[in-house]
């Protein structure tokens, strides 16, 4: 819902008439890319709830995914305390990076463990990355190569292991086997192009 008090004059555009936009995945909170908007791109984005940017290289307006199909559905748009930077939360179809990566920020300088809150989404993104860009000796890619039947077999096996661990009353076994089951379910979801947000949305209906 558009804030009725917002006016585009509240924002500070640079001398080229542009404002930087940090783009974040609405479900995983991963930073996907940094782009720029002019006033026209911003207004079209607000109106259509689809991401539009201004290309400094091509000197024109462009819709994200106009050729690749990797569109961005806009869920939130905020500006910072100086009103000179935007933060936009999107549902990303496909990948955000033109180099076929989930995020444009895929060159690591310093890495820490993800927070508990987004570790499931982080793992999903990693599995998705493996499917798009296979890695040698990756167990995840082994499963993708073997196909759906192999993945379903592993889901079945891990479900049985969870049951056995529960019957054994072993907390450590349960933690291990449930983690295995989560992982293999995520592999299944990526294989079948089922987005994690579809599960989040369904689960949100069950808060009774």
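Taken together, the values in this text are just the output of simple stated rules run on the coordinates, not laboratory data. Because the structure is a prediction, the values reported are computed rather than measured. In this analysis, Cβ positions are derived from the backbone assuming ideal geometry, glycine residues included, and neighbour counts consider all displayed protein chains.
Here are some notes:
- Value at 222 nm in deg cm²/dmol, rounded to 500, when DSSP H runs of n ≥ 4 in the chain each add -39,500 (n - 2.57): -12500 deg cm²/dmol
- Inverse of mean 1/r across different Cα pairs in the stretch 116-204, Kirkwood, Å: 13.9 Å
- Hydrodynamic estimate: the Kirkwood radius of the stretch 8-92 over Cα pairs, inserted into Stokes-Einstein at 4 °C and 1.567 mPa s, corresponds to D of 101 µm²/s.
- From largest to smallest, the equivalent ellipsoid semi-axes obtained for the stretch 14-60 from the alpha-carbon gyration tensor read 20, 13, 9 Å.
- If R0 equals 30 Å, the separation of the Cβ atoms of residue 93 and residue 4 corresponds to a calculated FRET efficiency of about 0.50.
- If R0 equals 35 Å, the separation of the Cβ atoms of residue 166 and residue 202 corresponds to a calculated FRET efficiency of about 0.90.
- Label selected from (1) 10.7; (2) 19.9; (3) 15.8, the criterion being mean projected area of the Cα convex hull in nm² as computed here: (3)
- Placing pseudo-labels 7 Å out from each Cα toward the beta carbon at residue 194 and residue 175 gives an inter-label distance of 2.8 nm.
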